[in-house]
Every structure is written in structure tokens, then in C-alpha cells.
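*Asks:* Before I ask anything, let me first share the structure, which is written out below as C-alpha cells.
The values are calculated or read from the model by the stated rules, or taken from the named source; none is laboratory data. Quick caveat: nothing in here was measured; it's all calculated off a predicted structure. No Cβ is skipped: glycine too gets one built from the backbone with ideal geometry, and neighbour counts run over all protein chains shown.
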Amino acid sequence: MIGKLKGKVDAVGESYVLIDVNGVGYEVQASSRTLRNLKPGDDVALTIDTHVREDAIRLFGFQSEFERSWFRTLQSIQGVGAKVALSVLGIMSPQDLASAVALGNWAAVEEAPGVGKKLALRIVAELKDKAPGLAIGGHAIPAAGHATLQPNGSSAGLAFSEALSALTNLGYNPAQASAAVAIASKELGDAADTAGLIKRSLKELAR
């Protein structure tokens, strides 16, 4: 299985990029948002999701492992295949999608080509429980440098740290993320879990 490709952009098509890796050209399907940032001659490194079927091998490219995780998770929803998943990620960054899911903003998802209201509602509803796990999964809890930002209490402090780590890994400014989590923590109290803090913080950041 191919997990990553690093080389030069040979050509950019409507839905794919051709990457030259030491003289071998790989055709990689990618979202329109990713393709807009590429042009022939560019050095590029994409995280790859390989789909193997009886009649073909298809490569899908992403700017990060995190984006690939969203691509895979989107396809776990009935009615969402690779084409629709790429369409959603073509108009929304992982951060935008996480915010839309947390806020129940199905209208933003509906703007993706090939996604109607019914499917957008299903995507938001089914991803609501998975989004916090995606945000945290595979990322370390912040180092001791963040300890002063944590509220007292080991359980609350752990949830605070995990929420902060999730938001910064989503691309939010650490200072903004910290402020948002602090507000969420104050409102939800010491009993707040990580998922609750993330959802409340995303609402604060979306203001």
C-alpha cells in the first residue's frame, strides 16, 4: 500500500494531480481545495489513501494525515463514497468541517457538489460523536509548558489539556484555543469531559 508520495507536480487536472516520483508518474485524485494549491513544477508531499479493487488501483492525496482521517470517516456514512467525501473536503478544511459538525451546521456541508439536504443532515448527525475522537486521535497531550493553563484537579486538567491539544491540532492559534477552552471549562464546570469542552470551545471560536 502507498501511504505517502513525495515528488514534483507534473500536471494538474480537473480532479487529479500527476506526481513525478523519480521518473514514475502517479495519478492522484485530490480535492479541489488541494488542487488549487498545486501547479506544475512544484515540490509536493501528499499523504495517500490507496483503494484497491479488482479492476483498478486508485490513489487519493491529502495535505495531512488528519485530512485523510476525515476522508475515511466520511465514507463510513451511508451514501458517502470517495467522490462525495472529496467534494466535502474540497469546500471545507478539516477545521471548517469540525466546526460545522459541532455546531450542527448542515447547510455549510450542503454546499458541497453532490450533497443534498438529506445527506448533509446525515453527515452532521453521524459525525457528531466521531469528530472529537478525530481531533484527539493520534495526537499527544500538550507538554508541561501548558500546565499553567490547566484548571485545578487532575481529571479536569486532563480534559482541559486534551481539548486544547485537539484545537491546536485543528489549526487554531494556541492563545485563542486556550481562551476558548477556558471559557468552556468555566461554563461546563469540573465535570466537563473532553468532547464537551471541544464542542463548546468550537462554538466560542466560531463567533
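Residue-by-condition table, conditions (1) assigned by TED's automatic domain parsing to the domain that holds ASN173; (2) under 26 Å from SER165 (Cβ atoms); (3) surrounded by 14 or more Cβ atoms within 10 Å (Cβ to Cβ); (4) in contact with a Pro (Cβ under 8 Å, 6 or more places away or on another chain):
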| site | (1), (2), (3), (4) |
| --- | --- |
| ASP20 | no, no, yes, no |
| LEU38 | no, no, yes, no |
| ILE48 | no, yes, yes, no |
| ASP55 | no, no, no, no |
| LEU74 | no, yes, yes, no |
| VAL80 | no, no, yes, no |
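*Asks:* Return a yes/no flag: does region 42-64 have any residue that is within 18 Å of GLY171 (Cβ to Cβ), at pLDDT below 95 and part of a helix (DSSP H, G or I).
*Replies:* no
*Asks:* Within region 185-196, take every residue that is assigned to a helix (DSSP H, G or I), more than 18 Å from the chain's Cα centre (by Cα) and under 13 Å from GLU162 (Cα atoms) and give me the one that is modelled with the highest pLDDT.
*Replies:* Looking at residues that are assigned to a helix (DSSP H, G or I), more than 18 Å from the chain's Cα centre (by Cα) and under 13 Å from GLU162 (Cα atoms), I get GLY196.
*Asks:* Also, I was wondering about something else. Please enumerate the residues belonging to region 191-207 that are free of Cβ contacts under 8 Å to residues at least 60 places away in the same chain and either among the hydrophobic types (A, V, I, L, M, F, W, C) or surrounded by 13 or more Cβ atoms within 10 Å (Cβ to Cβ) (or both). Before the answer, list the steps.
*Replies:* If we filter region 191-207 for residues that are free of Cβ contacts under 8 Å to residues at least 60 places away in the same chain, which is where we start, we get 191-193, 196-197, 200-201, 204, 207.
Scanning region 191-207 gives ALA191, ALA192, ASP193, GLY196, LEU197, ARG200, SER201, GLU204.
*Asks:* Is it fair to say GLU111 is more than 23 Å from ASP10 (Cβ to Cβ), among the acidic types (Asp, Glu) and at pLDDT 90 or above?
*Replies:* Values: more than 23 Å from ASP10 (Cβ to Cβ): yes; among the acidic types (Asp, Glu): yes; at pLDDT 90 or above: yes.
Criteria met by GLU111.
*Asks:* Now a separate question. Any residue in region 59-79 that's under 9 Å from THR47 (Cα atoms): show its pairings with residues that are part of a helix (DSSP H, G or I) and of a type in the set (S, T, N, Q) at Cβ separation under 8 Å, as long as the two are six or more apart or on different chains.
*Replies:* As it stands, the answer is GLY61/THR34; PHE62/THR34; GLN63/THR34, since those pairs meet every condition given.
*Asks:* Could you list, in sequence order, the residues of region 22-36 that are outside any loop (DSSP other than H, G, I, E, B) and surrounded by fewer than 17 Cβ atoms within 10 Å (Cβ to Cβ)? Walk me through it before giving the result.
*Replies:* Taking region 22-36 and keeping what is outside any loop (DSSP other than H, G, I, E, B), we get 24-29, 32-36.
Selection gives VAL24, GLY25, GLU27, SER32, ARG33, ARG36.
*Asks:* Does any residue of region 165-180 turn out to be closer than 19 Å to PHE66 by Cα and modelled with pLDDT of 85 or more?
*Replies:* Quick first cut of region 165-180, residues closer than 19 Å to PHE66 by Cα only: 165-174, 177.
Right, trim to modelled with pLDDT of 85 or more and you get none.
No, the conditions are met nowhere in region 165-180.
*Asks:* Assess whether VAL101 counts as being of a type in the set (Val, Ile, Thr), within 30 Å of LYS203 (Cβ to Cβ), buried (at least 18 other Cβ atoms within 10 Å of the Cβ) and not assigned by TED's automatic domain parsing to the domain that holds ARG200. Walk me through how you get there before you give the answer.
*Replies:* Details: of a type in the set (Val, Ile, Thr): yes; within 30 Å of LYS203 (Cβ to Cβ): yes; buried (at least 18 other Cβ atoms within 10 Å of the Cβ): yes; not assigned by TED's automatic domain parsing to the domain that holds ARG200: yes.
Criteria met by VAL101.
*Asks:* Out of curiosity, is LEU46 free of Cβ contacts under 8 Å to residues at least 40 places away in the same chain and more than 21 Å from ALA98 (Cα to Cα)?
*Replies:* Values: free of Cβ contacts under 8 Å to residues at least 40 places away in the same chain: no; more than 21 Å from ALA98 (Cα to Cα): yes.
Taking the combined requirement at face value, the residue does not satisfy it.
*Asks:* Right, next: If you go through region 71-78 one residue at a time, do you hit one that is part of a helix (DSSP H, G or I) and closer than 27 Å to ASP20 by Cα?
*Replies:* Here is the first cut: in region 71-78, the ones part of a helix (DSSP H, G or I) are 71-74.
When the remaining residues are screened for being closer than 27 Å to ASP20 by Cα, the result is 71-72.
Yes.
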